[in-house]
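What follows is a short report on a single structure.
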Amino acid sequence: MALLDANHLTKTYKNVNAIQDVSFSLEHGKCVALLGPNGSGKTTTLRMLAGFIKPTSGDIAFDQDSLTKDFRNFVGYLPQFPVFHNWMTGKEFLIYVGQLAKLSKDEAIKRADELLELVNLKEVRKLKISKYSGGMKQRLGIAQALIHAPKLIILDEPASALDPIGRREVLNLMRELKKDATILFSTHILNDAEEVSDEILLLNEGHIIEQGSMHELESVQNTVTLKLAFSEEPKFIEDRLKEIESVFKVNQIDKDYLLTVHDLQTARKQLLEVVYQENWQLTKFEVAKTSLEDLFMKAVKK
Ligand SMILES: Nc1ncnc2c1ncn2[C@@H]1O[C@H](COP(=O)(O)OP(=O)(O)OP(=O)(O)O)[C@@H](O)[C@H]1O
């Protein structure tokens, strides 16, 4: 089975329905982005999976073969706003966390050294955390989540609050981690989801509105945008473009015509035939990939 199956999860806080009938599976070894605008229920979902809060209804089934005796060893969690003891050094903090996770002192020291190397903080291991940059703190936070070598790593907005350098460092680290771990991370930054995840769960107002790989999501939406321009604007062009069977939307931005089409091959053929018949002086013909942003905006509007 999958590493976990979330079945019809619902979470209600007093009168707020934070999560409503959310179901998904997390396959072994995948890096999955839980993507959604602010308040869509990402933190609530992650906290239910990490065992911090109980769903109001629904259940989470874990792969029994992967499950450890103590559930806390199964999952590693980085909260959205991690708290550190700023007076400790990075290494002291990891040893402390390791001992909290029931490692012996020697094991905790060994594990701290391994993780400092992994998250690229070895050079600054003896520096007080108060001196760390945002990106360094986030990487220390990720190391803390990995202390007990969990099967599932849950990261709540690991890169969202960082400057571009810190964000890059964290995304690079996630790309390393995903080689041999299952990761579920939340973000409201589309590019981050697009960059590191294998799959996307798109959450809006407590519901999953799309899920699948980028490729699957694109084919669900099944649209491509074509950008056309002409040396001089042909007469009645908009009407003529709208007549083309495979074109279902025409927008004009400055001198560019943006056509939304279902099937690229057919649209290209039909369009170029019309261009030829009408003797339009075509100067631009571009195929724009559907970005995750397009999908996100469409899905949220839907
Ligand atoms: N402890 C709580 N008590 C009452 N309402 C809550 C609580 N926690 C979250 N909510 C509400 O549940 C909804 C989902 O919140 P949640 O924090 O899960 O969203 P989110 O997608 O993580 O948002 P953000 O990106 O802003 O962190 C929001 O309307 C929020 O106000």
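The values are calculated or read from the model by the stated rules, or taken from the named source; none is laboratory data. Just so it is clear, the structure is predicted and the values come from calculations on it, not from any experiment. Reconstructed Cβ throughout: ideal geometry from the backbone, glycine too, with neighbour counts over all protein chains shown.
Of note:
- Scanning the range 163-194 for residues that are of a type in the set (S, T, N, Q) and buried (at least 21 other Cβ atoms within 10 Å of the Cβ) returns Thr182, Ser186, Thr187.
- Considering residues of the range 42-59 that are more than 8 Å from the ligand (Cβ to nearest atom) and hydroxyl-bearing (Ser, Thr, Tyr) only, the residue surrounded by the most Cβ atoms within 10 Å (Cβ to Cβ): Thr56
- Scanning the range 1-31 for residues that are near the ligand (Cβ under 10 Å from one of its atoms) and in contact with a strand residue (DSSP E or B) (Cβ under 6 Å, 6 or more places away or on another chain) returns Lys11, Ala18, Ile19.
- Verdict on Leu34 being touching a residue at least 24 places away in the same chain (Cβ under 8 Å), within 16 Å of the ligand (Cβ to nearest atom), in the same structural domain as Asp156 (by TED's automatic domain parsing) and within 26 Å of Glu205 (Cβ to Cβ): yes
- Subset of the range 145-172 that is touching a Phe, Trp or Tyr at 6+ places or on another chain (Cβ under 7 Å) and either hydrophobic (A, V, I, L, M, F, W, C) or part of a helix (DSSP H, G or I) (or both) - its residue that is farthest from His215 (Cα to Cα): Ala145
- Any hit, the range 66-77, residues being assigned to a strand (DSSP E or B), closer than 30 Å to Leu127 by Cα, more than 12 Å from the ligand (Cβ to nearest atom) and touching a Pro at 6+ places or on another chain (Cβ under 6 Å): yes
- Filter result (more than 16 Å from the ligand (Cβ to nearest atom), touching a Leu at 6+ places or on another chain (Cβ under 8 Å) and not small (Gly, Ala, Ser)) within the range 137-167: Arg139, Leu140, Ile142, Gln144, Leu146, Ile147, His148, Lys151, Leu152, Ile153
- Those residues of the range 81-133 which are touching a residue at least 40 places away in the same chain (Cβ under 8 Å), exposed (fewer than 15 other Cβ atoms within 10 Å of the Cβ) and part of a helix (DSSP H, G or I), in sequence order: Ser130
- Residue count, the range 171-196 (criterion: among the charged types (D, E, K, R) and free of Cβ contacts under 8 Å to residues at least 40 places away in the same chain): 3
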